[in-house]
Amino acid sequence: MSKYADVIIDISHEKVDRVFQYRIPEELLEQVRPGVQVTIPFGKGGNLRTGVVVEVTESPSYEEEKLKEIAGIDETAVPIEAQLIALAAWIKRSYGGTMNAALKTVLPVHKRAQRKEKEILVLKAASEEAQIALAEYEKKHFHAKARLLKELIEEKRIPKEFVTGKLHVAAPTIRSLAAAGMLTVEKERPDYRNPVKGTALTAGGGKKLLNAEQRAAADRMIGDFRRGEKHTYLLHGVTGSGKTEVYLTLIEEVVAAGKQVIMLIPEIALTYQTVMRFYERFHDRVSILNSKMPAGERYDQYLRAKEREIDIIIGPRSALFTPFPDLGLIILDEEHETSYKSETIPRYHARETAIARAEMSGASVVLGSATPSMESFYRAKEGAYVLLPLTKRVEERPLPACEIIDLRAELMQGNRSIFSRRLVELMEEKLSKEEQIMLFLNRRGMSGFVVCRSCGEAIKCPHCDVSLSLHRDRTMRCHYCGYQIPAAQKCPSCGSPYIGGMKAGTEKVEKLVRKQFPSAKTLRMDLDTTREKDGYEKILTAFSNREADILIGTQMIVKGHDFPNVTLVGILAADLSLNIPDFHGAERTFDLLTQAAGRAGRGELPGNVVIQTYHPGHYGIVNAAGQDYDGFYEQEIAYRRMMQYPPVWHMLNLLVSDKDEQAAADGAKRIAGIIRREFPEIRMVGPADAAIAKVNDYYKKVLYCKDKDYEALIRVKDRIEEAALSDPAFSRLLVRFDFDPADGF
């Protein structure tokens, strides 16, 4: 059977959209695959060029007789771009979308700011020879040549821009002296922008001694690295157990061996504090990448990585595609975070993509978290990952004392404030001692569901155990099975009329705090206060310097920060994320509460945590208060197994959208028909309206497919993509895929 290769001729970053197709000769069928460099005839003259294969197909996109044949395999070393293109092909296959979308994800597209290389004129002739030539030029009144040569004799090296600007010597004169052997022109590499340079960082910090558990984890990974064994490790350490120090010890070993390291963090807000720790150890060999940086500055970091100017890059999800030529290690800190899953096409997960890139690079992967994702812990239990536990805080510091406050009881006793009496009491105590406080507002998933203020119950689907979503047409629907009822007027559990969505924001909380504690200094950290480039850094630095007593914020304040003087964390409305119309609700709640609680008592002083909730007996909240991950996991995995949810089963969500509602509905039904006919073993639900049924005038329908075999779902994706290309009925539809979704469509 004939096969064809789509080849990128020029992989410079402005041209990733253009591919050319070639026939693969029979003798090269086994060697040609995505990422391989090939030589191909190009243009009318048929000159051989080097290209990179991005996809191999069994059907030609053009008339076969017009296709040229691949000439051969390029045996030179595979450049990093070729490896990233192979990774793009893996992303396309594993997550859907177009090859172009995958390429734009992995290759740093940039606006070419024409940065010219600096040219230096260097005296080439011996001093005596130059003096003779200078005398000759002066004798013949060659003033420009004499002027330049005299300056070169004195300075030996002169920037070309100085020669043409200040000495007024034209380019032909420079070329003439070069031809005469008087000088040579050297190109000096441009000075790339360094986003770490100039910040208030101090190099030369001492190493911290590892405790027995930290040492055992580090020794296992270092030993494997020295033996050339590559694994995926899950470093499961309680909050404050010193995972970062284990990372640093391992990175030091990897860098000393001439390899590079990608350190992924879930939030831009974590960048500054992480860089401070890393800069102490590795100085200018570390840099950062994030979306707040100017495009040119971001691109400079890619170039610095490619040219080995740096060994370590720190950043969120997109830093995974840093073009390190000798990648040895990828770390995902706080690996449970949903920000590691892309919300745009292709909807890849950084964890799986990191493992794929590590396999291509011969690197290892470390996943670190106090609250590992269900997927990672399940795989560690199954033996796919190496589990490395850290069960104690550094220096044997105790975990904070957690108290669960029942908001229903507070309401019955007349307290209508968002602050429980116990929280107010502890805040007064900590402020009197000049200790710091963090107030975490759990706003995740606050829109859509309906909850009773009297008893705290959310209205759930009787078939799927997820909350029903309230729609604008005053209906409540389940987005997993399509169950639907009219919007409730009274609580079905207690009959209370006080039922509806809950609305509270960080700004409102800040006002209430200032009213209750007028002498306390507060800082608020949310999207509004962190819009500017250094917004995160300024707030976190101010709080770290004790310029404020209370820090108020949402999820971004509870992820990985280390403030030794924080002795109280107040968690407001802890259970709101239990009510999201998503099977991840309990896991999200446990993660957030455990991480939030872990911010307290990380220094010399003991910590307190107050968890305010309407569901004081829920296993996600009880286990979070006790920092008991194993207890939570056992209950949650039993639920996932019973409901056939990830990680025990795999799930594929298909989103079908069109500006015409009927066309979207018909398209979704056609796709459902294909799946039922051709993949009868696949468990499918839908089609149904998406969580938000209309966005930007596009109507959205969704189908849910489940199977134990991930490859079976890929085959479903491939078949639907094929139908979308070949069936005119699909030509106007937008079809998107989301494997093992972190959130619903």
Exposure proxy check: Phe321, Phe142, Phe377 ranked by fewest other beta carbons within 10 Å?
Phe142, Phe321, Phe377
Sticking to Cα atoms, compute the Rg of the range 631-716 to one decimal and its Dmax as the biggest Cα-Cα distance, whole number, in Å.
15.0, 48
For Asp709 and Lys515 in the same chain, what is the full-extension length gain: residue separation times 0.36 nm, less their Cα-Cα distance, in nm?
64.2 nm
Dimensionless Rg over Rh [the chain; C-alpha; Kirkwood]
1.04
Which value in deg cm²/dmol, rounded to the nearest 500, describes the helix-derived mean residue ellipticity at 222 nm for the chain, given -39,500 (n - 2.57) per DSSP H run of n ≥ 4 and division by the residue count?
-10500 deg cm²/dmol
For the charge dipole of the range 212-395, defined by +1 on Lys and Arg C-beta atoms and -1 on Asp and Glu C-beta atoms about the Cα centroid, which residue among Leu264, Gly383, His283 has the Cα displaced farthest towards the positive pole?
Gly383
Angle between the Cα long axis of helix 661-678 and the longest principal axis of the chain, 0 to 90 degrees, nearest 10?
90 degrees
Considering only DSSP beta bridges where both residues belong to the range 212-395, give the percentage that are antiparallel (nearest 5).
5 percent
Give me the one-decimal nm value for the distance between modelled label points at Asn47 and Ser731, 7 Å along each residue's Cα-to-Cβ direction.
3.9 nm
Over its alpha-carbon atoms, the range 4-106 yields an Rg and a Dmax in Å of 12.8, 39
Size of electric dipole in the range 650-739: Cβ of Lys, Arg +1 and of Asp, Glu -1, about Cα centre, debye, nearest 20:
180 debye
With a 10 Å Cβ neighbour count serving as the proxy for reagent exposure, in which order, fewest first, do Arg277, Arg546, Arg49, Arg588 appear?
Arg546, Arg49, Arg277, Arg588
Just how large is the dipole of the chain about the Cα centre, in debye to the nearest 20, putting +1 at every Lys and Arg Cβ and -1 at every Asp and Glu Cβ?
1600 debye
Here the range 575-694 gives, from Cα atoms, an Rg and Dmax in Å of 20.1, 64
Between helix 243-256 and the chain: long-axis angle, C-alpha atoms, 0 to 90°, nearest 10
20 degrees
Just want to confirm a number: the relative contact order over the chain, from Cα pairs under 8 angstrom separated by 6+ residues, in percent.
10 percent
Quick one: angle between helix 143-155 and the longest Cα principal axis of the chain, in degrees between 0 and 90, rounded to 10, please.
60 degrees
Dipole magnitude of the range 118-188 about its Cα centre, charges +1 at Lys/Arg Cβ and -1 at Asp/Glu Cβ only, in debye to the nearest 20?
200 debye
Over what distance in Å are the Cα centres of the range 401-423 and the range 23-81 separated?
68 Å
The chain: antiparallel bridges as % of DSSP beta bridges, rounded to 5, reads 55 percent
log₁₀ of I(q)/I(0) at q = 0.14 Å⁻¹ - the range 212-395, Debye sum with one point per alpha carbon:
-0.72
Charge tally for neighbours of Phe225 with beta carbon under 12 Å away, counting Lys, Arg as +1 and Asp, Glu as -1, is 0
I need Asp658, Asp591 ordered by Cβ neighbour count within 10 Å, fewest first.
Asp658, Asp591
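Quick note: the coordinates plus some simple rules give every number you see, no bench work behind them. Not measured: the values here are computed from a predicted model. Heads up, the Cβs are rebuilt from the backbone with ideal geometry, glycines too, and the neighbour counts pull from every protein chain shown.
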